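I have placed the structure first, in the form of structure tokens, so that the comments after it can refer back to it.
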């Protein structure tokens, strides 16, 4: 049995590499994460390259709250750059540089025995080539051939090299030596096992050994548990949506204890999100009423002379959309459609800095408008503004400056709305929807500018999906084909926001969100229709037809008609919401596609091949699979599967006339269970 021994890193050849590997393992992920935060896209640059985007922003329209918004953005930008992560990266990479440049040494590889490398031959070299290389190198390193003027140290080194050459040659030519090399990796047979320790010996066995123990204890017993504990505390205290667990628990309790007579409104949702742990952590000194006052100052676009109050308002407004989205996720579990719709309306009001209650939000979301003038006249819709003469439109909006009016109308013309052409449930590869199939809602729509009137005629061929192999595997891949939507025009909101529509499916029979419902986000849309002229729009040739597919949470039910509502809520713009009905008709599969129909076709094919008409009649009578009778157990099961059934014979119907009369009494009673109806 081979002996073993410990080798210490007395020359400092190993421990620097160990430290470098450890530092790299920690620093590289931190660096990537830090660089990702720094490379956040600039909304102005993104919108400059997106067709149909709005180029105006808070600075160009000079909003009254511009100073507080810039201070908040500056603080956010500074916190992304100068933070604890940057300090760790500076110290860490400095240590890597110092260790790599001044402390690392070239590792001595002479202890490794590789006969092919020593003799400078390939693995496929013949014995003749090996012998030739050995002779050439022997002339160089043989002790008798060495120059006389060599130093003792150089001579010793050359002699050692000659010994290695000889051992390498024998390892490739001598049978015994070769067997030792193959079995033990060395020509001299089994070698003692060495265990390398990447520390100098004086640190392990000398008077400094206690320092090493203390260091390892601090690293493993203190620092590592501290880091893991802090990470776990953050994971435990916040949900996946970034909501504090106490905030989530509070919202759940409020939904669970909801008074059925109480209706969810944006004001109610606002109270729910303001009375949360997240807001408590941000503004611990303010009461619920004081927080509401800050939000309504934002809705009214009021600028306070108190700098601290403005700072608190901006920071509060910045986190409200996150809290609202977290509330929506919880409302989806409770299937509360009124809470979801109210929350989406509140989020839109927060982004546009307009009151969620009122009728003039479509006009108040435009820049340069006079709120008092707008609320004193009857026009409420964006589309009607474009039907007015310029002087009348300026009077309606309260804008006297012609240049500002032109910029306002440009923003209004670029606010996208959706014109739904088709919304129906489809199953890939099927013309109809059959029971228990996995369908999806296919929405075909046009992006429309408020300045465009009417709607073009779209050929049915343009509404058909191209059923490629990729589409059949994943029909939802079409959702990602269009370009990403640009940043929205939200000049009063302190953070950039991407345009999107959030889609919800409601079961009309229950007037609730469908079971296991989710928020489906439409964020890839081609906006080129916004740049079309009225003539191009009506002509329809250049009009882009967009598609969005929404999965149904569960397989469709039995044969019958089901009614849904599809609600598409714009996250940023008023006048862009969509609410359309979606009817689902589930039909029985055709007889040819049912199991009984397939068996019939197979039997018919066999009979046609036989060619004997007499035997064919016998076969047909014996082997033909008839449809089960509708009043039998087999008939009831076939009806549930959507297969065809047959009527009973006349004699049986006469016998059962009395029973049928009794059953007619109960025909008006709905015996469908809730699950079957869905």
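Checking each residue in the stretch 414-432 for being part of a strand (DSSP E or B) and either in contact with a helix residue (DSSP H, G or I) (Cβ under 9 Å, 6 or more places away or on another chain) or crowded, with 20+ Cβ neighbours inside 10 Å (or both) picks out 417, 418, 421, 422, 423, 425, 426. Of the set (1) modelled with pLDDT of 95 or more; (2) more than 15 Å from residue 295 (Cβ to Cβ); (3) out of contact with any helix residue (DSSP H, G or I) (no Cβ under 6 Å at 6 or more places or on another chain), all apply to residue 335 but (1). Listed by first and then second residue, the pairs linking a residue in the stretch 13-42 that is outside the structural domain of residue 92 (by TED's automatic domain parsing) to a residue that is in a helix (DSSP H, G or I), with Cβ atoms under 7 Å apart and 6 or more places separating them unless they lie on different chains, form an empty list. Taking residue 271, is it surrounded by fewer than 17 Cβ atoms within 10 Å (Cβ to Cβ) and part of a helix (DSSP H, G or I)? Yes; evaluated as a whole, the condition is true for this residue. Of the helices (runs of 4 or more DSSP H) lying entirely inside the stretch 14-73, the ones with 1 or more residues being touching a strand residue (DSSP E or B) at 6+ places or on another chain (Cβ under 6 Å) are found at 43-48. Residues in the stretch 498-519 that are surrounded by 17 or more Cβ atoms within 10 Å (Cβ to Cβ) and under 29 Å from residue 298 (Cα atoms): 499, 500, 501, 502, 503, 504. Against the condition in contact with a helix residue (DSSP H, G or I) (Cβ under 9 Å, 6 or more places away or on another chain), within 19 Å of residue 564 (Cβ to Cβ) and surrounded by 14 or more Cβ atoms within 10 Å (Cβ to Cβ), how does residue 448 come out, does it pass? Criteria not met by residue 448.
Residues that are surrounded by 13 or more Cβ atoms within 10 Å (Cβ to Cβ), out of contact with any helix residue (DSSP H, G or I) (no Cβ under 6 Å at 6 or more places or on another chain) and in a loop (DSSP other than H, G, I, E, B) within the stretch 388-413 comprise just one, 388. Tell me, yes or no, whether the stretch 85-102 has at least one residue that is modelled with pLDDT under 80 and surrounded by 12 or more Cβ atoms within 10 Å (Cβ to Cβ). Among the residues of the stretch 85-102, not one is modelled with pLDDT under 80 and surrounded by 12 or more Cβ atoms within 10 Å (Cβ to Cβ), which makes the answer no. In a residue-by-residue description of the stretch 439-462, the property of being under 29 Å from the mean Cα position of the chain (by Cα), without any contact (Cβ under 8 Å) to a residue 40 or more places away in the chain and more than 22 Å from residue 365 (Cβ to Cβ) applies to no position. Considering the stretch 496-579, the qualifying strands (runs of 3 or more DSSP E), each wholly inside and each with 1 or more residues that are farther than 25 Å from residue 54 by Cβ and modelled with pLDDT of 95 or more, run over 501-507, 545-551, 560-570.
The values are calculated or read from the model by the stated rules, or taken from the named source; none is laboratory data. Keep in mind that this is a model prediction, so the values were computed, not measured. Heads up, the Cβs are rebuilt from the backbone with ideal geometry, glycines too, and the neighbour counts pull from every protein chain shown.
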